[in-house]
């Protein structure tokens, strides 16, 4: 796949209109907002920065790379299951992964979609959990992306997912969401230039607790 084709694919797969399964999840932003701890653009920027650096770069990116290089991505999927300590976030990752596999299986051509369809069958029959970073590796590789492009798409989805959630929760408006994205762009570029660690680890206790708390009324998001 040429450079321009890589760019077009990245734009397509990173678009919020592409049904990758993240629309139903806020990564703990909703709970944080309901607790009165995330109230404005600056708060959303700080929340997203922590998710990008302390969860995606240190954990999900590591899992994506492992699954990308592995002969059997199911081994990495098992590791993803083991390191997902919070049940709500673990289920969110599995649901988003399943949605990603379903979408790519439907939109890729038959030859490109073979690996996606095979892995989706494993997830459906319960032999693999189907966590999001593993599903991203399987799907974006099958779509012909190079690793650095796939990582850019995945990192962008973290930022766009949180800003979209903030918009739906009424924390920011449309222009505010764009200002948050602008503020986060230098960090996004910096993170993408860094070499990730070799083993996954995450510490986002603030967001994890907010995502995990249940039984406190109707919620808009599943996490």
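The values are calculated or read from the model by the stated rules, or taken from the named source; none is laboratory data. Note that this is a predicted model, so its numbers are computed, not measured. Using ideal geometry, Cβ is built from the backbone for each residue, glycine included, and neighbour counts are taken over all protein chains shown.
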Among all residue pairs at least 6 apart or on different chains, which show Cβ distances below 7 Å where the first residue, located in segment 91-102, is surrounded by fewer than 24 Cβ atoms within 10 Å (Cβ to Cβ) and the second is at pLDDT 90 or above and not in a helix (DSSP H, G or I)? 94/129; 94/130; 94/131; 98/130
From 165, 106, which residue is at pLDDT below 95, out of contact with any strand residue (DSSP E or B) (no Cβ under 9 Å at 6 or more places or on another chain), crowded, with 21+ Cβ neighbours inside 10 Å and farther than 15 Å from residue 60 by Cβ? 165
Per the list (1) in contact (Cβ under 8 Å) with a residue 24 or more places away in the chain; (2) under 24 Å from residue 199 (Cβ atoms); (3) surrounded by fewer than 17 Cβ atoms within 10 Å (Cβ to Cβ), residue check on residue 75 breaks on (1)
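State yes or no: is residue 80 within 17 Å of the chain's Cα centre (by Cα), within 22 Å of residue 18 (Cα to Cα), surrounded by 23 or more Cβ atoms within 10 Å (Cβ to Cβ) and in contact (Cβ under 8 Å) with a residue 12 or more places away in the chain? Step through it out loud before you land on a result.
On the way: within 17 Å of the chain's Cα centre (by Cα): yes; within 22 Å of residue 18 (Cα to Cα): no; surrounded by 23 or more Cβ atoms within 10 Å (Cβ to Cβ): yes; in contact (Cβ under 8 Å) with a residue 12 or more places away in the chain: yes.
No; evaluated as a whole, the condition is false for this residue.
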For segment 71-109, give me each residue that is in a loop (DSSP other than H, G, I, E, B), touching a helix residue (DSSP H, G or I) at 6+ places or on another chain (Cβ under 9 Å) and more than 19 Å from residue 153 (Cβ to Cβ). 84, 85, 86
Hey, can you tell me all the residues within segment 1-51 that are within 30 Å of residue 105 (Cα to Cα) and modelled with pLDDT of 95 or more? 48
Any idea which of (1) more than 21 Å from residue 112 (Cα to Cα); (2) over 15 Å from the mean Cα position of the chain (by Cα) is the one residue 12 doesn't satisfy? (1)
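Can you name every one of the helices (runs of 4 or more DSSP H) wholly within segment 110-223 that holds 3 or more residues which are more than 22 Å from residue 54 (Cβ to Cβ)?
Output list reads 114-124, 132-142, 147-168, 174-193.
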Kindly state which helices (runs of 4 or more DSSP H) lie completely within segment 1-65 and contain at least 3 residues that are under 16 Å from residue 185 (Cα atoms). 41-51
Residue pairs within 6 Å by beta carbon, gap of at least six or interchain, first lying in segment 25-43 and within 17 Å of residue 174 (Cα to Cα), second at pLDDT 85 or above and surrounded by fewer than 18 Cβ atoms within 10 Å (Cβ to Cβ), listed first then second, are 41/176; 41/179
